[in-house]
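Notes follow once the structure below has been shown.
The values are calculated or read from the model by the stated rules, or taken from the named source; none is laboratory data. Being a predicted model, the structure only gives us computed values, none of them experimental. Using ideal geometry, Cβ is built from the backbone for each residue, glycine included, and neighbour counts are taken over all protein chains shown. In case anyone asks, the SASA skips ligands and DNA or RNA and just uses the protein heavy atoms, side chains included. Shrake-Rupley method; radii C 1.70, N 1.55, O 1.52, S 1.80 Å.
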Amino acid sequence: MAPTLRGGDLSRLRQLNVLTAIAALRAAGPLTLSALAERTGLSRPSTKEVVDELMTLGWVEETPPAQGTVGRPARRYRFRAGSGYLVGLDIGGHNIRAALADLNGVILSETRQPVEPDTPLDERLAAIERTVASCLALGGKTIEDVWVLAAGTIGVITPEGRILYCAAIPAWTGFDLAGHLRRLFPCDVLVENDSRLAARAEAVRGAARDVDDVVFLHVGRRMGAAVIIDGKVHRGFGTAAGEIAMLPQARLFDASRHLQSCAIIPEGTPPADAAGYTLAAARAGDPVALAAVERYVDDLAIGTSAMVLLLDPQVVVLGGGFSRSADVLLPPLRARLERACIRLPDLRASTLGDECVVTGAIDYAVAHVDAQHFTPDAPLPTAR
């Protein structure tokens, strides 16, 4: 005998049907009612009721028929990803990047402004504000359109968004970044370590999709790392997981000096281009550059092998700015890990490069919106 559905049960079932429809439209929309019913497993009348409700709430809209369509086409519906917007920030030692995205995480505009590690705090904060304003203007939006701003930066970040410690940007240590951003921007503000956001981006849309255990190496003019365990980015008890570069014996903190001070770099080369020059020369077979790469990988392999031996990941992802030269770096790194590790993980190059942090910030913001509105226990308000 089938159980009797009570009022609370019916409300719960309705909520689950709504969430199932939203998920299907976000993943594959626009869809006809019949296609949506097939994807959700609902009857066509139930699907129509759900879609009507979502249209009333403003989460779903009907798409116009394609130009040149003959006859009366079936109505098609899509999730209104443009009912709100997200901003992602990458506040690095040498650059500040901002990206504007819709609620599905589709990036609409990006801007970048150079800074230096010793840029005074007030100038760095002003640069953040300018970068966000420029990105919003480029995307034709204002800060009032933004639901969530998620920022990634260097250092040990507390759950509240304060920078507990930052070796790369001395003025950052002790700064309440989340508090400052909340005073600037009238929206939800999230702050996270940049390497963890980069790892998240690789897991969501990059080289680590569908992988449960990952070591992410954030290689560039400075070094960072993050880990994914059982499919979740691991923060650690005190939010300091992945900070192996702080251990001098790991030889990671200053490893990039081998590439940035190579003897073949022409005098006057901007610091931002120095390592790239060395890596390009190594790719072309220059022996001095190749020797510099070997020294760099020697250092990189120490900390990496320690993380691999501790975590036994399925995949190691080489990300960050230097990942554009993964063809030069991965073969010697693979050889060293093969000698040091019990089991050699799959080594992969990032598909996101130096956009990994700002992309991860957007994905972090998407997850925040989902948790607020698109989970069974969350109320589904009217879209803005």
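The table below gives the values:
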{"read-out": "Matching residues in region 360-384 - criterion: being more than 16 Å from V204 (Cβ to Cβ) and aliphatic (A, V, I, L, M)", "value": "A378, L380, A383"}
{"read-out": "Filter result for the condition that a residue is polar (S, T, N, Q), surrounded by fewer than 18 Cβ atoms within 10 Å (Cβ to Cβ) and farther than 18 Å from D90 by Cα, over T173, T158, T142", "value": "T142"}
{"read-out": "Tabulated pairs, region 124-149, first among the polar types (S, T, N, Q), second open to solvent by 10 Å² or more (accessible area, probe 1.4 Å) and part of a strand (DSSP E or B), C-beta under 6 angstrom, 6+ apart or interchain", "value": "T131/T111; T131/Q113; S134/T111"}
{"read-out": "Among residues of region 90-108, those that are open to solvent by 10 Å² or more (accessible area, probe 1.4 Å) and either farther than 17 Å from A171 by Cα or part of a strand (DSSP E or B) (or both), counted", "value": "8"}
{"read-out": "Output for region 168-190, where each listed residue is of a type in the set (D, E, K, R) and within 16 Å of A133 (Cα to Cα)", "value": "R182, R183"}
{"read-out": "Output for region 263-273, where each listed residue is on the phi < 0 side of the Ramachandran plot, open to solvent by 60 Å² or more (accessible area, probe 1.4 Å) and free of Cβ contacts under 8 Å to residues at least 40 places away in the same chain", "value": "A263, E267, P270, D273"}
{"read-out": "Unmet criterion (only one of (1) out of contact with any helix residue (DSSP H, G or I) (no Cβ under 8 Å at 6 or more places or on another chain); (2) under 23 Å from G224 (Cβ atoms); (3) buried (at least 23 other Cβ atoms within 10 Å of the Cβ)) for A199", "value": "(1)"}
{"read-out": "Among (1) open to solvent by less than 50 Å² (accessible area, probe 1.4 Å); (2) touching a residue at least 24 places away in the same chain (Cβ under 8 Å), the one test that Q260 misses", "value": "(1)"}
{"read-out": "Some residue of region 182-191 being surrounded by 16 or more Cβ atoms within 10 Å (Cβ to Cβ), out of contact with any Cys (no Cβ under 9 Å at 6 or more places or on another chain) and without any contact (Cβ under 8 Å) to a residue 40 or more places away in the chain", "value": "yes"}
{"read-out": "When residues of region 323-339 are limited to those that are touching a strand residue (DSSP E or B) at 6+ places or on another chain (Cβ under 7 Å) and touching a residue at least 40 places away in the same chain (Cβ under 8 Å), the one nearest to D298 (Cα to Cα)", "value": "L329"}
{"read-out": "Failed item in (1) touching a Gly at 6+ places or on another chain (Cβ under 6 Å); (2) modelled with pLDDT of 95 or more; (3) crowded, with 20+ Cβ neighbours inside 10 Å; (4) of a type outside the set (G, A, S), with L252 passing the rest", "value": "(2)"}
{"read-out": "Test result for E116, in contact (Cβ under 8 Å) with a residue 12 or more places away in the chain, open to solvent by 10 Å² or more (accessible area, probe 1.4 Å) and either over 30 Å from R222 (Cβ atoms) or in a loop (DSSP other than H, G, I, E, B) (or both)", "value": "yes"}
{"read-out": "Residue, farthest from Q372 (Cα to Cα), within region 10-66, restricted to residues that are among the β-branched types (V, I, T) and in a helix (DSSP H, G or I)", "value": "T47"}
{"read-out": "Subset of region 208-257 (residues that are within 21 Å of T153 (Cα to Cα), free of Cβ contacts under 8 Å to residues at least 60 places away in the same chain and among the acidic types (D, E))", "value": "D254"}
{"read-out": "Failed criterion for D212 (all others in (1) open to solvent by less than 10 Å² (accessible area, probe 1.4 Å); (2) over 16 Å from V358 (Cα atoms) hold)", "value": "(1)"}
{"read-out": "Filtered residues of region 33-54 (kept if within 12 Å of R76 (Cα to Cα), open to solvent by less than 70 Å² (accessible area, probe 1.4 Å) and of a type outside the set (G, A, S))", "value": "L33, L36, V51"}
{"read-out": "Flag for I244 being farther than 17 Å from Y364 by Cβ, surrounded by 14 or more Cβ atoms within 10 Å (Cβ to Cβ) and in contact with a strand residue (DSSP E or B) (Cβ under 6 Å, 6 or more places away or on another chain)", "value": "yes"}
{"read-out": "Which listed residue is under 24 Å from the mean Cα position of the chain (by Cα) and over 20 Å from R222 (Cα atoms), from L252, L337, L300, L311", "value": "L311"}
{"read-out": "Region 67-85 - residue that is open to solvent by 90 Å² or more (accessible area, probe 1.4 Å) and at pLDDT 80 or above and, of those, nearest to F374 (Cα to Cα)", "value": "R78"}
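For (1) touching a Lys or Arg at 6+ places or on another chain (Cβ under 9 Å); (2) of a type in the set (D, E, K, R); (3) over 19 Å from V316 (Cβ atoms), each residue gets a yes or a no:
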residue	(1), (2), (3)
G231	no, no, no
G238	no, no, yes
I244	no, no, no
C262	no, no, yes
I265	no, no, yes
T278	no, no, yes
A289	yes, no, yes
